[in-house]
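The values are calculated or read from the model by the stated rules, or taken from the named source; none is laboratory data. Worth saying up front: this structure is predicted, and the values here are computed from it rather than measured. Backbone-built Cβ (ideal geometry, glycine too); neighbour counts: all protein chains shown.
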Amino acid sequence: MHDIYENPLISRYASREMAQIFSDDHKFRTWRRLWVALAEAEHDLGLEISQEQIDELKAHCDDINYDVAQAREKEVRHDVMSHVYAYGVQCPKAKGIIHLGATSCYVGDNADIIIMRDALELIRRRLLNTMDLLAKFALDHANMPTLGFTHYQPAQLTTVGKRACLWLQDLWLDYQQLEDLLANMPLRGVKGTTGTQASFMTLFDGDSQKVRQLEKLVVEKLGYAKVYPVTGQTYPRKLDYHVLSVLSGIAQSAYKFANDIRLLQNLKEIEEPFESKQIGSSAMAYKRNPMRSERLCSLARFVITLPENAAITASTQWFERTLDDSANKRLSVPQAFLATDSVLKLYMNIADGLVLYPKTIERHMNEELPFMATETILMEAVKRGGDRQELHEKIRELSMQAAARVKMEGLNNNLIDLMAQDAAFRMSREEMDALMAPINFVGRALQQVKEFLEECIVPILNENAALLGEKGEISI
């Protein structure tokens, strides 16, 4: 259809897998799982709910009669009660016990948490695969010297692999935040209308321990171990803020990576993948625009802004509940996940196909290396009997001459030639060149790469080996 708006996160960017997690079908099947778990737990604790009724509910857990639910919602304007009614049409024996004692948020909020957790597990898998690709790239180029930058001005040398570890460390920090969130993400539980469990106290004749046991049984049947100890009608909306903050962190890391690639592509040192038929510009046929990295940054920027929205929602909830969160959540939470999924797909695609140009990297180093090597040459010249203060002044004067030649005349940096021609340094050009080997100026970069990978990254990847091997496919 081309005559109505379509969300580009669905039509252009996100994976079908993530889109299905936030589909109506997944949501309403999860609602029915929650109703089955509640009925089973109430049966286990002695309420008059038969196994036959439970079996009937289970038989229709996945074949949702949407036409009945939609027609009913037009009449009653309530989505949960419409689906209770539709489930009851399919399960006439059990219709009287569906949703027994529960409020709408029993299915709505618990399902939202389950769906977010499913989505976080997919994000976790994407994150691990991205880390795996970066780790391989870092190790492959751990000892390749390159010009480092501070303030986007030439600084000391680093290595391509060490720079990649900066990108990877950001993801490693995000991974720790994600793991912490997953380990401490409870369900809302079985709390009733205002969170007091009053309706369940009535069902169980005031037996507080049975009500407590009911909640424990329900969440266990759903594969969870924790619930919020207290709630109003909803789970605390701070959870949405925490979830979106983790996604925002991943987006921040991805943006940093893609922005660096955009800058490196301008320098012609590293490029993102560029396909043989790809067009960079409608006017300038020679261009190779970093469209993947630019798209990643564009989507990441959207995700980065979303925690503020969730923070406002969390802070403006009234007492035990207000409904001004609902429409907002339907937009912000799914789209945060869809966009983060898109970002990580792009990240994987770029990281898996980075193209290096070693000769350009070497040329840029050589343009700056004479300035960086002066301290090493100074120390060697002093060892050979030179006067440190005199030599320092000569280097200052010659550096200014060389810099003027580069900036004013557009010529190459001839500082080493000037120093070799000065007898005060007591060294030939060949001897100076030997001191200027780029690998001598990268410090412990190689060791840092290996130590970081071995101590921090490899154990995580080994633990999750079954999830690795995914590629970052992009559709457009």
Seminar exercise, completed: In the stretch 299-317, residues that are surrounded by 16 or more Cβ atoms within 10 Å (Cβ to Cβ) and either among the polar types (S, T, N, Q) or under 25 Å from residue 12 (Cβ atoms) (or both) total 11
Exercise. What's the number of the condition residue 45 fails, among (1) surrounded by 12 or more Cβ atoms within 10 Å (Cβ to Cβ); (2) under 23 Å from residue 121 (Cβ atoms)?
Worked result: (2)
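If I ask for residues that are among the acidic types (Asp, Glu) and either in contact with a Phe, Trp or Tyr (Cβ under 6 Å, 6 or more places away or on another chain) or over 25 Å from residue 332 (Cβ atoms) (or both), which ones from the stretch 1-43 would you list? Explain how you work it out, then say what you get.
Initial filter on the stretch 1-43 (among the acidic types (Asp, Glu)): 3, 6, 17, 24-25, 40, 42.
Of everything in the stretch 1-43, those that are among the acidic types (Asp, Glu) and either in contact with a Phe, Trp or Tyr (Cβ under 6 Å, 6 or more places away or on another chain) or over 25 Å from residue 332 (Cβ atoms) (or both) turn out to be 3, 40, 42.
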For this session: Quick one: which residue in 444, 426, 405 is in contact with a Gly (Cβ under 7 Å, 6 or more places away or on another chain) and of a type outside the set (A, V, I, L, M)?
Result: 426
For this session: Pairs only if they're at least six apart or on different chains, beta carbon under 8 angstrom, first in the stretch 69-93 and without any contact (Cβ under 8 Å) to a residue 60 or more places away in the chain and surrounded by fewer than 16 Cβ atoms within 10 Å (Cβ to Cβ), second assigned to a helix (DSSP H, G or I) and among the aliphatic types (A, V, I, L, M); list them, first residue then second.
Result: 89/68
Exercise. Within the stretch 388-413, which residues are over 20 Å from residue 425 (Cα atoms), surrounded by 11 or more Cβ atoms within 10 Å (Cβ to Cβ) and among the basic types (Lys, Arg)?
Worked result: 405
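Give the residue, chosen from 383, 359, that is of a type in the set (D, E, K, R), more than 30 Å from residue 127 (Cβ to Cβ), over 43 Å from the mean Cα position of the chain (by Cα) and at pLDDT 90 or above.
Numbers: 359 fails: over 43 Å from the mean Cα position of the chain (by Cα).
383 is the lone residue from the list that is of a type in the set (D, E, K, R), more than 30 Å from residue 127 (Cβ to Cβ), over 43 Å from the mean Cα position of the chain (by Cα) and at pLDDT 90 or above.
Out of the helices (runs of 4 or more DSSP H) lying entirely within the stretch 392-476, which hold 1 or more residues that are among the basic types (Lys, Arg)?
The qualifying helices (runs of 4 or more DSSP H) are 429-435, 445-452.
Can you confirm whether the stretch 28-40 contains a residue that is part of a loop (DSSP other than H, G, I, E, B), buried (at least 17 other Cβ atoms within 10 Å of the Cβ) and in contact with a helix residue (DSSP H, G or I) (Cβ under 9 Å, 6 or more places away or on another chain)?
Going through the stretch 28-40, the residues part of a loop (DSSP other than H, G, I, E, B) turn out to be none.
Checked the stretch 28-40: no residue is part of a loop (DSSP other than H, G, I, E, B), buried (at least 17 other Cβ atoms within 10 Å of the Cβ) and in contact with a helix residue (DSSP H, G or I) (Cβ under 9 Å, 6 or more places away or on another chain).
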Exercise. Of these, 147, 173, which one is part of a helix (DSSP H, G or I) and either at pLDDT 95 or above or among the small types (Gly, Ala, Ser) (or both)?
Worked result: 173
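If the requirement is being hydroxyl-bearing (Ser, Thr, Tyr), closer than 30 Å to residue 297 by Cβ, touching a helix residue (DSSP H, G or I) at 6+ places or on another chain (Cβ under 7 Å) and crowded, with 17+ Cβ neighbours inside 10 Å, which of these qualifies: 106, 13?
Numbers: 106 fails: closer than 30 Å to residue 297 by Cβ.
13 is the lone residue from the list that is hydroxyl-bearing (Ser, Thr, Tyr), closer than 30 Å to residue 297 by Cβ, touching a helix residue (DSSP H, G or I) at 6+ places or on another chain (Cβ under 7 Å) and crowded, with 17+ Cβ neighbours inside 10 Å.
Let's see how each residue does on (1) in a helix (DSSP H, G or I); (2) within 20 Å of residue 262 (Cβ to Cβ):
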residue: 297; (1), (2): yes, yes
residue: 304; (1), (2): yes, yes
residue: 309; (1), (2): yes, no
residue: 313; (1), (2): yes, no
residue: 319; (1), (2): no, no
residue: 332; (1), (2): yes, no
residue: 359; (1), (2): yes, no
residue: 366; (1), (2): yes, no
residue: 380; (1), (2): yes, no
